[in-house]
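The values are calculated or read from the model by the stated rules, or taken from the named source; none is laboratory data. Keep in mind the model is a prediction, meaning the values are calculated, not measured. Cβ coordinates were reconstructed from backbone atoms using ideal geometry, including for glycine residues, and neighbour counts include every protein chain displayed.
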């Protein structure tokens, strides 16, 4: 909802990394400024490569997601253990989400099979109407419960994705855009 007379504040664009500036081949920054920015970027990271936790390595789906993220993070020079806990947690949640989605799909197919075979089950008296509807209701409740769990996991994944992006972006924002001005002690002593 927009209010009349109010403008939305534009969010500032995060500064570019030194590697991006260099790859573009053009910049108004001096070599000295670029060196300072590069040092500031490196100071934000630990220099320790991101480590895959045992539970991630042992879970096939989580491990594949870790390898995918590793490739992406290496390309942007962010494959650092500073992000280790978040990335490992994300991979485990990703795997759990996939498992719940598979269970949900299996339950859905079973429910469809039950509905398709309704007439046959009732005619052959394998089930009474009461048993059939009780089974169908129970399966629907399980399906809804699984869907809620999938949605909760997806929400967690989304939150981690947003936070991880914000963390990387905030590390870029913490890099000064311009060179710090050196003070002249003689000039300061003379009051100028």
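Of note, residue 139 does not satisfy the criterion of being free of Cβ contacts under 8 Å to residues at least 12 places away in the same chain and crowded, with 16+ Cβ neighbours inside 10 Å.
Let's see how each residue does on (1) under 30 Å from residue 110 (Cβ atoms); (2) modelled with pLDDT of 65 or more:
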{"position": "131", "(1), (2)": "yes, yes"}
{"position": "139", "(1), (2)": "yes, yes"}
{"position": "143", "(1), (2)": "yes, yes"}
{"position": "150", "(1), (2)": "yes, yes"}
{"position": "159", "(1), (2)": "no, yes"}
{"position": "164", "(1), (2)": "no, yes"}
{"position": "169", "(1), (2)": "no, no"}
{"position": "172", "(1), (2)": "no, no"}
{"position": "175", "(1), (2)": "no, no"}
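Within the range 25-40, residues that are farther than 16 Å from residue 77 by Cα have Cβ atoms under 6 Å from residues that are assigned to a helix (DSSP H, G or I) in these pairs: 27/21; 34/18, counting only partners at least 6 apart in sequence or on another chain. Set side by side, the residues 41, 24 differ, and just one is at pLDDT 70 or above and within 26 Å of the chain's Cα centre (by Cα), which is 41.
Listed residues 78, 141, 118; which is closer than 30 Å to residue 23 by Cβ and more than 13 Å from the chain's Cα centre (by Cα)? Reasoning before the result, please.
On the way: 141 fails: closer than 30 Å to residue 23 by Cβ; 118 fails: closer than 30 Å to residue 23 by Cβ.
One residue alone meets the criteria, 78.
When restricted to residues that are in a helix (DSSP H, G or I) and either touching a helix residue (DSSP H, G or I) at 6+ places or on another chain (Cβ under 8 Å) or in contact (Cβ under 8 Å) with a residue 40 or more places away in the chain (or both), the range 118-131 contains 4.
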